[in-house]
Amino acid sequence: MKHDVESPTSHPQPTPIDTGPNIDRLTETLWTGGDLPEPLDEAVEALEAWDSLGIRHIFDARMEWTDEDFVESLTPHIRYLNFGVDDAGQKMPDWWFDEVVEFVEEAARQGGEVLIHCHMGINRGPSAAYGSLLASGWHPVDAIDRIRAARPIAAVGYAEDALGWWHRRSRATPSQRRRERDQLADWRREHPHDTVRIIREIRESGRG
């Protein structure tokens, strides 16, 4: 199954990383990150910036809030889906990743870039983007490495759930499942992430 995100290789060369307001580019058509600022004037400015970057599809992974009406009022040409889940360390269900991939597939048919975001851009949004990369052919380690390179604060905390989902959906062999789970675990050990500290610093800065 291939989606219009980027043609991967086993070790893809990174594309230039462009930074927008609280979001980061993963591929030529896929972004991930955090949500709009709370102050109205800053939210308007950030949304206009997202629009200027060519983002035409927003998948909002937050359960606690939605900007659907706000986005519709200012940028009605942007397709917006709030399909939120909690960020409590629970196992992410397969149907959630299915919804992400369906959204990205529809975006590929319609054209325009895709933003998959949550609140801080640490777990839910990057994990959903990780599932999308897997479904478009990226190797599990290359995909998480790309996300961390583009957005260093991203823990991608539900990557293991996404990988399990993709193994079931793609009917991966038992040996492939074991190998890729081990490779992801090795990557985790080699790339530790102080999630608690990062969240605390974001909150102390007033951005979360």
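The single residue among ASP98, ASP94 that is farther than 23 Å from ILE198 by Cβ, acidic (Asp, Glu) and either modelled with pLDDT under 95 or in contact with a helix residue (DSSP H, G or I) (Cβ under 7 Å, 6 or more places away or on another chain) (or both) turns out to be ASP94. For the stretch 61-93, the tally of residues that are in contact (Cβ under 8 Å) with a residue 24 or more places away in the chain and of a type in the set (S, T, N, Q) stands at 1.
Could you tell me which of the residues SER136, SER170, SER175 is out of contact with any helix residue (DSSP H, G or I) (no Cβ under 7 Å at 6 or more places or on another chain), within 25 Å of ILE78 (Cβ to Cβ), surrounded by fewer than 24 Cβ atoms within 10 Å (Cβ to Cβ) and among the hydroxyl-bearing types (Ser, Thr, Tyr)? Can you show your working first?
Working: SER170 fails: within 25 Å of ILE78 (Cβ to Cβ); SER175 fails: within 25 Å of ILE78 (Cβ to Cβ).
On inspection, the qualifying residue turns out to be SER136.
Scanning the stretch 32-43 for residues that are at pLDDT below 95, over 22 Å from GLU105 (Cα atoms), charged (D, E, K, R) and under 18 Å from the mean Cα position of the chain (by Cα) turns up nothing. The single condition among (1) at pLDDT 95 or above; (2) assigned to a loop (DSSP other than H, G, I, E, B); (3) not aliphatic (A, V, I, L, M) that GLU72 does not satisfy is (2).
Tallying residues that are part of a loop (DSSP other than H, G, I, E, B) and either in contact with a Pro (Cβ under 6 Å, 6 or more places away or on another chain) or surrounded by 14 or more Cβ atoms within 10 Å (Cβ to Cβ) (or both) within the stretch 75-90 yields 3.
If you go through the stretch 41-56 and keep only what is in a helix (DSSP H, G or I) and of a type in the set (D, E, K, R), you end up with ASP41, GLU42, GLU45, GLU48, ASP51.
Considering only residues in the stretch 44-67 that are of a type in the set (D, E, K, R) and within 20 Å of VAL101 (Cα to Cα), the one that is farthest from the chain's Cα centre (by Cα) turns out to be ARG56.
The values are calculated or read from the model by the stated rules, or taken from the named source; none is laboratory data. Just so it is clear, the model here is predicted, and its values are computed rather than measured. Virtual Cβ from ideal backbone geometry, glycine too; neighbours counted across all protein chains shown.
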